[in-house]
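One structure below.
The values are calculated or read from the model by the stated rules, or taken from the named source; none is laboratory data. For clarity, every value in this text was computed on a predicted model and none was experimentally measured. All Cβ positions, even for glycine, are placed from backbone atoms using ideal geometry, and neighbour counts span all protein chains on display.
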Amino acid sequence: MPIKHAALKQIRKDRARRSRNQAVRAELKTLTKRLLALLQEQKLEEARGLIQLVSKKYDRAASRHVIHPNTAARYKSRLTRRLTPPPPRTSQSPAARPPAPG
């Protein structure tokens, strides 16, 4: 155990921050699971409403350094990709495509 008063205070602060950060992470996990469940059930309108909240929560957690900003961006991107349908693919062979400029 630390002896100095400042070290004891730092331990108290760290415990409080840790519990706060764990609560934020748990909420992110819960909201993400709820969104994935809505997508699984094909409830797209509800999922569109929830994606805004989830995105906001990820941004808030990143701005407060609970998670890394790149982690927030990655999760938001992957969830958004699941929500939006992929664009239709053309069945052109590589030889039929026009040459790339440059």
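Checking the stated criteria, Val54 turns out to be under 9 Å from the mean Cα position of the chain (by Cα) and crowded, with 17+ Cβ neighbours inside 10 Å. Taking every residue in region 64-78 that is in contact (Cβ under 8 Å) with a residue 60 or more places away in the chain and of a type in the set (Gly, Ala, Ser) and pairing it with any residue that is in a helix (DSSP H, G or I) and loosely packed, with under 13 Cβ neighbours inside 10 Å, at least 6 positions away or on another chain, yields no pair with a Cβ-Cβ distance below 7 Å.
Taking first residues from region 83-102 that are within 30 Å of Gln52 (Cβ to Cβ) and modelled with pLDDT of 70 or more and partners that are of a type in the set (Gly, Ala, Ser) and surrounded by 10 or more Cβ atoms within 10 Å (Cβ to Cβ), the Cβ contacts under 6 Å between residues at least 6 apart in sequence or on separate chains come to Leu83/Ala47.
Of all residues in region 42-56, those that are small (Gly, Ala, Ser) have Cβ atoms under 7 Å from Cβ atoms of residues that are part of a helix (DSSP H, G or I) and surrounded by 13 or more Cβ atoms within 10 Å (Cβ to Cβ), 6 or more apart or on another chain, in Ala47/Leu35; Ala47/Leu38; Ala47/Leu39; Ala47/Leu83; Ser55/Lys76. Among the residues making up region 1-22, a single one is within 15 Å of Ile67 (Cα to Cα), surrounded by 11 or more Cβ atoms within 10 Å (Cβ to Cβ), without any contact (Cβ under 8 Å) to a residue 12 or more places away in the chain and not charged (D, E, K, R): Gln22.
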